[in-house]
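To start, the structure under review is shown below, and the notes come after it.
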Amino acid sequence: MKLSTAISLLAGAAPLVSAAAAPRLERKMNYDGYKAYSIATHHNPAAIKAKLTRFAAIPFNLDNDEHLDIAIPAEEVAAFEALGLETQLMHEDLGADIAEEGTFAPYTSVGAQAVPSLTWFNSYHAYADHITFFNDLQASFPNASEIFTIGKSFQGRDIFGIHIWGSGGKGSKPAIYFHGTVHAREWISAKVVEYITYHLLTQYATDAAVRAIRDKFDFYILPVVNPDGFVYTQTNDRLWRKNRQTRSGQSCVGTDQNRNWNYQWSVTGGASTSPCSETYKGLAAGDTPEIRALTAFTTTLKNSRGIRLYIDWHSYGQYILLPYGYDCSARASNHAAQSSLASGMATRIRQSYGTTFTTGPSCSTLYKTTGSAPDYMTAVGGATYAWTIELRPAGSSGGGFVLPATQILPSSIEQWEGIKYVLAQV
Ligand code: 0X9
Ligand code: ZN
């Protein structure tokens, strides 16, 4: 059959599946031989970017004031190095590092018979295993927790979480509310959130400090709020960031969920109106299925016992970022309290392995964002504290989203120490 005939036949045929579920002919992105560099920009990223226009460079970070992190294809490495820029090598071979990081240990379900093993934190895992692990963990503590789903992603996956409570009983205390994996490629965030969940559950019986925390709050923890994007990072492109939403008339896929919340969404300069951009904000506030579902769930928490602390877990750069993102001089009404609490957390984090976290308002510390989750949680959700935590690695020392699996445990342990301190204070 001639190709033109095939196309005209297809055009006339009734679709067998909905547009959202239609199979797309997606390439698998191959980073073999790519070298990744962190380039010092000395507060003048435009000058560096001007030198890179002829390269097929893939940018990683959005905060380029001090450094611009990029991957360069093998055939362009020599020409790039000839520029003589001030660089640190992040990945000698990005493809090889992705392959090593992507060697997942198999997860065998333990059902309700036993608490899953801590070996879960020795490697990254397939998305399906994250669901099984979370269900297994919950099943071991049926009287103190339950799994909930808040709605579906664009491609129809459940957006799930765990609700954990203490001696006051289910739903009796203010909410501690965590989101992980808003950005698909930030794999460490799911692991850290799972580690915290694991210890909140398993240490209740043996650790008085954990018991006190648990008895004070209800926890609502969602480790993967962008499941379509996360799956795509495991099947097609390790560096995918956005959701996987398609829109009619647009060839680029995906909206940045952290630019789609309905607070100061219309302000310019903190997001992109270009569908191909990594920070595409959508056509209207809340026009992604994921943010619609998360917004409705947030309203439920606000209207029940209120939100005491919200944390959006991201990577990378090692920051604890406070409101606000949309305006660099706007501050939360309790800014001084948020600031000293964040500094205290940074101190506790540092005590584990010496890892330094920078704290400060998100816009003035990093860059401007509109329609971001912590801004919404503060101004609309009524959260007392609402932060973004950017996990390991540090930006300035060179690093990236592809964090070796050996870093999962130390990253998690230092956050667990930090969050225990915060939860004892709030
Ligand atoms: O840009 C984002 O959405 C986040 N950073 S990330 O590198 N993980 O993508 C949050 C940035 C924190 N907020 C502001 N800088 N305003
Ligand atoms: Zn992020």
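Overview of results
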item	result
Residue in segment 298-317 that is nearest to Gly161 (Cα to Cα), counting only those that are in contact with a Lys or Arg (Cβ under 8 Å, 6 or more places away or on another chain) and crowded, with 22+ Cβ neighbours inside 10 Å	Ser315
Any hit, segment 364-377, residues being crowded, with 21+ Cβ neighbours inside 10 Å and in a strand (DSSP E or B)	no
Residues (farther than 16 Å from Ala175 by Cβ, over 11 Å from the mean Cα position of the chain (by Cα) and open to solvent by less than 10 Å² (accessible area, probe 1.4 Å)) located in segment 213-232	Asp228
Selected residue [among the β-branched types (Val, Ile, Thr) and not in a loop (DSSP other than H, G, I, E, B)] from Val115, Val77	Val77
Flag if Ala285 is away from ligand 2 (no atom under 15 Å from the Cβ), open to solvent by 30 Å² or more (accessible area, probe 1.4 Å) and at negative phi	yes
Top-ranked residue in segment 62-77 [being touching a residue at least 40 places away in the same chain (Cβ under 8 Å) and buried (at least 20 other Cβ atoms within 10 Å of the Cβ); ranked as nearest to Ala36 (Cα to Cα)]	Ala71
Search result, residues across segment 94-112 that are in a loop (DSSP other than H, G, I, E, B) and within 18 Å of Phe60 (Cβ to Cβ)	Gly102
Cβ-Cβ under 8 Å pairs, at least 6 apart or on other chains, segment 78-89 side aliphatic (A, V, I, L, M), far side in a helix (DSSP H, G or I)	Leu83/Lys51; Leu85/Ile48; Leu85/Lys51
Test for Val210: is it buried (at least 24 other Cβ atoms within 10 Å of the Cβ), out of contact with any Gly (no Cβ under 6 Å at 6 or more places or on another chain) and either outside the structural domain of Gln415 (by TED's automatic domain parsing) or in contact (Cβ under 8 Å) with a residue 40 or more places away in the chain (or both)	no
Residues of segment 302-332 that turn out to be under 20 Å from Ile176 (Cβ atoms) and assigned to a loop (DSSP other than H, G, I, E, B), as a count	5
Residue check, Arg348 outside any loop (DSSP other than H, G, I, E, B) and surrounded by fewer than 21 Cβ atoms within 10 Å (Cβ to Cβ)	yes
Every residue from segment 226-237 that is touching an Asp or Glu at 6+ places or on another chain (Cβ under 8 Å) and part of a loop (DSSP other than H, G, I, E, B)	Asn226, Asn236
Which listed residue, of Thr273, Thr355, Thr359, Thr295, is open to solvent by 50 Å² or more (accessible area, probe 1.4 Å), more than 16 Å from ligand 2 (Cβ to nearest atom), at pLDDT 95 or above and β-branched (Val, Ile, Thr)	Thr273
Selection status of Ser339, over 20 Å from Ala190 (Cβ atoms) and either within 16 Å of ligand 2 (Cβ to nearest atom) or in the same structural domain as Asp218 (by TED's automatic domain parsing) (or both)	yes
Members of segment 168-211 that are in a loop (DSSP other than H, G, I, E, B), touching a strand residue (DSSP E or B) at 6+ places or on another chain (Cβ under 7 Å) and under 19 Å from Asp136 (Cβ atoms)	none
Pair list, Cβ < 9 Å and 6+ apart or interchain, from segment 296-317 residues that are of a type in the set (Asp, Glu) to residues that are more than 15 Å from ligand 2 (Cβ to nearest atom) and in a helix (DSSP H, G or I)	Asp312/Met377
Count of segment 272-292 residues which are part of a loop (DSSP other than H, G, I, E, B) and over 17 Å from the mean Cα position of the chain (by Cα)	11
Per-region count, segment 168-177, residues open to solvent by 10 Å² or more (accessible area, probe 1.4 Å) and touching a residue at least 12 places away in the same chain (Cβ under 8 Å)	6
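A quick yes/no check of all residues on (1) without any contact (Cβ under 8 Å) to a residue 60 or more places away in the chain; (2) within 16 Å of the chain's Cα centre (by Cα); (3) open to solvent by less than 10 Å² (accessible area, probe 1.4 Å); (4) within 16 Å of ligand 2 (Cβ to nearest atom):
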| position | (1), (2), (3), (4) |
| --- | --- |
| His130 | no, yes, yes, no |
| Phe134 | no, no, yes, no |
| Ser140 | no, no, no, no |
| Ala144 | no, no, no, no |
| Ser153 | no, yes, yes, no |
| His179 | no, yes, yes, yes |
| His183 | no, yes, yes, yes |
| Ala190 | no, yes, yes, yes |
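The values are calculated or read from the model by the stated rules, or taken from the named source; none is laboratory data. Keep in mind that what you see is a predicted model, and the values were worked out from it rather than measured. Ideal geometry is used to build each Cβ from the backbone, glycine not excepted, and the neighbour counts take in all protein chains shown. Please note that ligands, DNA and RNA were not included when accessible areas were found on the heavy atoms of the full protein model with its side chains. Shrake-Rupley method; radii C 1.70, N 1.55, O 1.52, S 1.80 Å.
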